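Participant: Can you read through this structure? Questions will come right after.
The values are calculated or read from the model by the stated rules, or taken from the named source; none is laboratory data. All values derive from a computational prediction rather than experimental measurement. Ideal geometry is used to build each Cβ from the backbone, glycine not excepted, and the neighbour counts take in all protein chains shown.
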Amino acid sequence: MKSPNGNPIIPADHPRAESLHYRHLLVDAMHKKIVTPSGLCAHGRGEAFDYLIGEQTISPAEKSIQAAVATLIKAKHPVISVNGNVAALVGKELVELSQLLNIPLEINIFYQAEGRIEAITELLRDFGAKNLLGIGDFTPKQLSKLSSNRRIVDPRGIYQADVVVVPLEDGDRTEALIAAGKFVIAIDLNPLSRTAQQAHITIVDNIIRVIPKMVEIGKILQNATDKELNQIASEFDQSQNLKQSLEYIIKYLKTQIK
Ligand code: ATP
């Protein structure tokens with residue numbers, strides 16, 4: 001049996017129902033030009049790493065989410081970079097986070113097929129996005145040390161930002177953002193990726209779980225004092241975070257050896 005969009009209906013008791021749901025969502029988004037075929041491969045890489053942490057938010061990620069939200073609240077010009085996968089997977093929750101903490105969303109994509117930016121814009125606007133950057137008429141600025149078209153950034157957004165959230169990012173762009181002096185917060189299930197290794201704060205978790213948690217924590221930390229926010233941010237240790245994430249994976253895998 002097929003659903004109205006042509007995908008087979010997923011039985012509710014299917015052991016991988018959630019994973020199949022997100023796969024179908026991405027395939028639908030690909031037909032609408034929001035996601036590219038290469039985005040499907042990137043998702044597969046992410047899913048593989050999700051197995052290694054038991055498909056749950058692990059304690060190092062909880063701490064990095066707290067530090068990320070505190071840093072975003074303290075920032076002067078925070079921006080969240082959005083690509084096709086991110087818009088398709090968590091567009092609604094991202095718009096909620098953007099509005100809650102007053103952080104603009106900047107659309108920045110690698111594959112600029114005709115109509116793609118428009119499709120992502122429409123999706124985010126349908127979720128209520130108002131503060132969208134990287135679209136419309138603006139005089140583009142460029143990130144140096146990057147040759148792909150992702151070097152083009154919005155002067156009102158990433159170009160002037162002090163803190164940039166880069167979910168599901170490739171290492172080259174993360175490197176370029178860091179070289180441009182940005183404080184980079186990454187969301188990446190692979191603690192060994194170049195992005196995860198180079199960012200200032202890496203949240204090693206599935207973006208599907210991360211953004212709703214950021215909204216939850218944002219609602220709490222919104223009322224925190226500067227002193228409390230500074231303390232959360234300064235207590236965070238990125239090298240310990242990456243080390244503990246890898247240690248978690250090693251321990252978790254050992255529990256799986258029967
Ligand atoms: P790098 O260049 O940083 O070494 P990469 O070449 O793997 O990494 P991409 O494939 O462009 O980079 O980016 C995809 C990254 O996003 C991968 O590291 C992948 O693990 C991660 N990823 C994919 N889907 C998710 C998801 N749902 N949640 C969190 N991370 C994800």
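Participant: Looking only at the range 190-213, filter to residues that are outside any helix (DSSP H, G or I) and within 7 Å of the ligand (Cβ to nearest atom); which one of those is surrounded by the fewest Cβ atoms within 10 Å (Cβ to Cβ)?
Facilitator: Among them, the one singled out is 190.
Participant: Out of the residues in the range 221-258 meeting the condition of being acidic (Asp, Glu) and over 22 Å from the mean Cα position of the chain (by Cα), tell me which one is surrounded by the fewest Cβ atoms within 10 Å (Cβ to Cβ).
Facilitator: Among those residues, the one meeting the criterion is 226.
Participant: May I pose another question? Among 61, 29, 87, 42, which is the only one that is outside any loop (DSSP other than H, G, I, E, B), within 16 Å of the ligand (Cβ to nearest atom) and touching a Leu at 6+ places or on another chain (Cβ under 6 Å)?
Facilitator: Numbers: 61 fails: touching a Leu at 6+ places or on another chain (Cβ under 6 Å); 29 fails: touching a Leu at 6+ places or on another chain (Cβ under 6 Å); 42 fails: touching a Leu at 6+ places or on another chain (Cβ under 6 Å).
Among 61, 29, 87, 42, only 87 is outside any loop (DSSP other than H, G, I, E, B), within 16 Å of the ligand (Cβ to nearest atom) and touching a Leu at 6+ places or on another chain (Cβ under 6 Å).
Participant: If we scan the range 127-146, do we find a residue that is in a helix (DSSP H, G or I), farther than 26 Å from residue 218 by Cβ and not aromatic (Phe, Trp, Tyr)?
Facilitator: no
Participant: Taking the range 159-184 as the search range and keeping residues that are within 8 Å of the ligand (Cβ to nearest atom) and of a type outside the set (A, V, I, L, M, F, W, C), which one is farthest from residue 67 (Cα to Cα)?
Facilitator: Going through the qualifying residues, I end up with 172.
Participant: Please verify whether residue 54 is more than 11 Å from the ligand (Cβ to nearest atom), within 23 Å of residue 196 (Cα to Cα) and buried (at least 16 other Cβ atoms within 10 Å of the Cβ), treating the condition exactly as stated.
Facilitator: no
Participant: Let me ask something additional. Run residue 187 past the list (1) farther than 20 Å from residue 243 by Cα; (2) within 15 Å of the ligand (Cβ to nearest atom); (3) modelled with pLDDT of 95 or more and report the number of the one that doesn't hold.
Facilitator: Here residue 187 meets the rest and fails (1).
Residue-by-condition table, conditions (1) in contact with a strand residue (DSSP E or B) (Cβ under 8 Å, 6 or more places away or on another chain); (2) at pLDDT below 95; (3) buried (at least 17 other Cβ atoms within 10 Å of the Cβ); (4) over 19 Å from residue 213 (Cβ atoms):
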site: 8; (1), (2), (3), (4): yes, yes, no, yes
site: 14; (1), (2), (3), (4): no, yes, no, yes
site: 17; (1), (2), (3), (4): no, yes, no, yes
site: 31; (1), (2), (3), (4): no, no, no, yes
site: 60; (1), (2), (3), (4): no, no, yes, no
site: 67; (1), (2), (3), (4): yes, no, yes, no
site: 71; (1), (2), (3), (4): yes, no, yes, no
site: 77; (1), (2), (3), (4): yes, no, no, yes
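Participant: Based on this model, can you work out whether residue 220 counts as within 16 Å of the ligand (Cβ to nearest atom) and out of contact with any His (no Cβ under 7 Å at 6 or more places or on another chain)?
Facilitator: No.
Participant: Oh, and also: Would you please name the residue that is surrounded by the most Cβ atoms within 10 Å (Cβ to Cβ), looking only at residues in the range 124-180 that are under 12 Å from residue 107 (Cβ atoms) and among the basic types (Lys, Arg)?
Facilitator: 150
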